[in-house]
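Read the structure below first, then the notes.
The values are calculated or read from the model by the stated rules, or taken from the named source; none is laboratory data. All figures in this text were calculated on a predicted structure; none of them were measured in a lab. A quick note on method: Cβ atoms are made from the backbone with ideal geometry, for glycine too, and the neighbour counts reach across all protein chains shown. Please note that ligands, DNA and RNA were not included when accessible areas were found on the heavy atoms of the full protein model with its side chains. Shrake-Rupley method; radii C 1.70, N 1.55, O 1.52, S 1.80 Å.
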Amino acid sequence: MRLSLDALLVLDAIDRKGSFAAAADELYRVPSAVTYAVQKLEQDLDVTIFDRSGHRAKLTPAGEELLREGRHLLDAANLLECRVKRIATGWETDLKIAVSDLIDMSCLYPLMAAFDAAGGASRIKLMTEVFGGTWDALVSTRADIAIGAMEDGPPGGGYSVRPMGEVEFVFAVAPSHPLASAQQPLPPELVRHYRAVSAADSSRALSPRTSGLLTGQDVLTVSDIRQKAEAQAAGLGVGFLPRGLAQRYVDEGRLRVLDVQEAKPVAQLNLAWRARQPGKALHWFIRHLSDDATLQQLLQGLR
């Protein structure tokens, strides 16, 4: 490769400082060394980088393009250098976090800001998973941490678990739905006649799970819990929703909560992570996600 980071560094200094001499001072080099670096770069690339016809050397169009794109390479090299130094001190290169669709992802943003402020050096990937997909992401190594994993994990272990709290589910329908005017508690034989709305389990390796569906019941499948709530509010089907989420629609007059004979059990949500020697980023997130105030923030929209 004929292009070096050192040559780009020299070119950047000349442009910022306004002259070869000033660039030499910034780089702690003699002016002749800076001149030689530019001349060699021009020879290696077989292009004219500076127009020297005037009183002061000026970048040619080719030189301007080289500097513009070269600065991206300098920035990337600097970031890589910093990241390598941090990784050497125990920070993971990447940390992948699977978040249940029950949890509002934006509730994690203050935690991300705190991680940045603490000097966290790992790249963070947040991904939304549905139902068993949160466990699936963890056990299949697509994620290092699972937030809001529901109920017990799959057999085989390989992960650690801490309870986050319980979430109650309620049966909700649109005010215009036929069941809204039926006698309560609703028997399963009656509910079965109406289409349910279900959020599709996002598992890839594990067998997908279903919950709250009756045998023989027609189903409309959507991608996550909030689309499920919207579909039910639109009168497209019925089903169970977290009490806190359903209540927002009830307050807006878009859903009604009904009593049913076969209620959905209270669900236990968990924080889980892969059981290996944690790096600094994993340890930081586990510690902060175990804080009572953080847990309350994550679960407040569900209760």
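Assorted remarks:
- Modelled label reach - residue 88, point 7 Å along Cα→Cβ, the range 103-138 residues with backbone N closer than 19 Å: 120-123
- On Cα atoms only, tilt of 31-45 relative to the major axis of the chain in degrees: 70
- Site pair residue 263 and residue 6 shows an inter-label distance of 7.5 nm when each label is modelled 7 Å from Cα along Cα→Cβ.
- Neighbours of residue 182, meaning other residues whose beta-carbon lies under 12 angstrom from its beta-carbon, give a summed charge of -1 when Lys and Arg score +1 and Asp and Glu score -1.
- Cα centre as origin, Lys/Arg/Asp/Glu Cβ charges: the range 1-114 dipole, Debye: 400
- Positive-end ranking of 232, 278, 171 along the dipole of the range 161-286, with charges on Cβ about the Cα centre, is headed by 278.
- Computed 3J(HN,Hα) for the range 153-170, one whole-Hz value per residue from the Karplus formula 6.51 cos²θ - 1.76 cosθ + 1.60 where θ = phi - 60°, is x, x, x, x, x, x, 8, 10, 9, 10, x, 9, x, 9, 10, 8, 10, 10, glycine and proline marked x.
- Residues in the range 228-244 that a label on residue 218 would reach, taking backbone N under 13 Å of a point 7 Å out along Cα→Cβ: 236-238
- Annotation: peptides 125-133, 52-60, 200-208, 264-272, ranked by per-residue average of other Cβ atoms within 10 Å with the highest first, follow the order 125-133, 264-272, 200-208, 52-60.
- Bins of 5 Å, starting at 0 and running to the largest distance - Cα pair percent for the range 89-185: 2, 11, 17, 18, 15, 12, 9, 6, 5, 3, 2, 1, 0
- Listed values (1) 74, 71, 30; (2) 58, 46, 39; (3) 93, 42, 33 include one computed from this model; for Cα extents along the principal axes in Å that value carries the label (3).
- The range 199-294 - percent of accessible surface contributed by carbon and sulfur, probe 1.4 Å: 48
- Positive dipole terminus of the chain, leading residue within 34, 137, 127 (C-beta point charges): 34
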